[in-house]
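A short write-up of the structure that comes next.
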Amino acid sequence: MAGFYLCEMQILDGKAAAQSIKDALKLDVAQLASNGKEVPHLVAILVGNNGASETYVAAKVKACEEVGFKSTLIRFESTISAFRLLETIRELNTDPDVDGILVQLPLPAHISSEEIINAIDPSKDVDGFHPVTVGRLVLGQPTFIPATPYGIQLMLAHYKIETSGRHAVVIGRSNIVGRPMSILLSAAGPQGNATVTICHSQTKNLKEICLSADIIIAALGRPGFVTADMVKEGAVVIDVGITRVDDPGRKRGYRISGDVNFDDVATKAGFLTPVPGGVGPMTIAALLKNTFHACALKHYD
Ligand code: GUN
């Protein structure tokens, strides 16, 4: 992170912000337990041995332990049938001990992730991927917000970054990040009320559009894509990228790269998230919050 920054740039420390959310959750969980209530229980399903998925799921399980949640990791070989996976989800749907169900994506090519997601009970859909959950989000109804956009909202709230009336440019239109993020930023309410442009691979004049942005959310999965010449002086730049890039100089053979060229953009941005240590930890904190809410809803039933 070496470099000479012309303007006063603030790093948005996702690790610290996530820690404060986890600390608060830990107290809430202790309160539940002291009232004799069951603590939240997240079940994560991991199919196959995708290295990145292994890392993410391990981080999610570890975070559950940290805050006092129960967690279960169910692993399947990559050859598992969709039928067997659906059977497991149906069992978890009706298990009163389970609050949240997460199927780590991507799934092997022979399994339709759409079919699997559709099978999850929306009341346990802590990833926020089920069509009912997405529909509620679009309509502005209370729901589980997908963890990455939710984590970014929590980050903006933590650092008191104003979104109302500002121009937010979201690069990437995935169901997991870009699209829900654009909906949340344009919705009425906190961390919303922005004027939103959603950009994608077919967008013309991307640089010009980005240059007019007060807030850029880079979620396209292309390492170092956003450079200083695309960024307005003082803009807020949120980097969602987490691509593994070959790096023979490292012991593990790769490094994690964001979608933003950090050192370059740091010379222009007012606020910038690092990778790692930015959006990643916030995503996990957001997943924990969703799981806590799923459990709390059960207690109020
Ligand atoms: N793969 C990449 N991001 C996610 C996520 O947020 N949830 C799940 N289940 N899989 C993912």
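All of the numbers you see were taken from the coordinates with simple rules; none came from a lab. Only a predicted model underlies this, so the values are computations on that prediction, with no experimental measurement involved. Neighbour counts run over all protein chains shown; Cβ positions are idealised from the backbone, glycine included.
Asp214 fulfils the conditions (1) over 14 Å from the mean Cα position of the chain (by Cα); (2) buried (at least 18 other Cβ atoms within 10 Å of the Cβ); (3) within 23 Å of Ala18 (Cβ to Cβ) except for a single criterion, (3). The set of residues in the range 80-105 that are of a type outside the set (D, E, K, R) and touching a strand residue (DSSP E or B) at 6+ places or on another chain (Cβ under 9 Å) comprises Ile80, Leu85, Thr88, Ile89, Leu92, Asn93, Val98, Gly100, Ile101, Leu102, Val103, Gln104. Among the residues of this structure, Gly51 counts as one that is of a type outside the set (D, E, K, R), in contact (Cβ under 8 Å) with a residue 60 or more places away in the chain and surrounded by fewer than 14 Cβ atoms within 10 Å (Cβ to Cβ). The set of residues in the range 270-288 being part of a helix (DSSP H, G or I) and in contact with a Gly (Cβ under 9 Å, 6 or more places away or on another chain) consists of Val279, Gly280, Pro281, Met282, Thr283, Ile284, Ala285, Ala286, Leu287. Of all the residues in the range 93-124, those that are out of contact with any His (no Cβ under 7 Å at 6 or more places or on another chain) and away from the ligand (no atom under 14 Å from the Cβ) number 10.
Residue pairs whose Cβ atoms lie under 6 Å apart, separated by 6 or more positions or on different chains, with the first residue in the range 102-123 and closer than 25 Å to Leu297 by Cα and the second more than 14 Å from the ligand (Cβ to nearest atom), are Ala119/Leu86; Asp121/Asn93; Pro122/Val132.
Give the residues of the range 42-80 that are touching an Asp or Glu at 6+ places or on another chain (Cβ under 9 Å), small (Gly, Ala, Ser) and over 15 Å from Phe292 (Cα atoms), sorted by residue number. Hit for the range 42-80 is Gly48, nothing else. Screening Ser71 against (1) surrounded by fewer than 18 Cβ atoms within 10 Å (Cβ to Cβ); (2) under 21 Å from Ile145 (Cα atoms) leaves a single unmet condition, (1). Taking the criterion of being closer than 16 Å to Ile284 by Cβ and among the aliphatic types (A, V, I, L, M), the residues of the range 44-67 that qualify are Ala44, Leu46, Ala52, Val57, Ala58, Ala59, Val61, Ala63, Val67.
If I filter the range 164-173 down to residues being over 22 Å from Gly277 (Cβ atoms) and of a type in the set (Gly, Ala, Ser), which single residue comes out as surrounded by the fewest Cβ atoms within 10 Å (Cβ to Cβ)? Among those residues, the one meeting the criterion is Gly165.
Please find, within the range 118-163, the residue that is surrounded by the fewest Cβ atoms within 10 Å (Cβ to Cβ) out of those that are aromatic (Phe, Trp, Tyr) and farther than 19 Å from Thr195 by Cα. Show your work before the answer.
Pass one, the range 118-163, residues aromatic (Phe, Trp, Tyr): 129, 144, 150, 159.
In the following step, the residues that additionally are farther than 19 Å from Thr195 by Cα were identified as 129, 144, 159.
Details: Phe129: 24, Phe144: 27, Tyr159: 14.
Among those that are aromatic (Phe, Trp, Tyr) and farther than 19 Å from Thr195 by Cα, it is Tyr159.
Within the range 246-269, restricting attention to residues that are assigned to a strand (DSSP E or B) and of a type outside the set (D, E, K, R), the residue that is surrounded by the most Cβ atoms within 10 Å (Cβ to Cβ) is Val260.
Is it true that some residue in the range 264-272 is in contact (Cβ under 8 Å) with a residue 60 or more places away in the chain and under 23 Å from Val134 (Cβ atoms)? Looking for residues that are in contact (Cβ under 8 Å) with a residue 60 or more places away in the chain and under 23 Å from Val134 (Cβ atoms), one finds none in the range 264-272, hence no.
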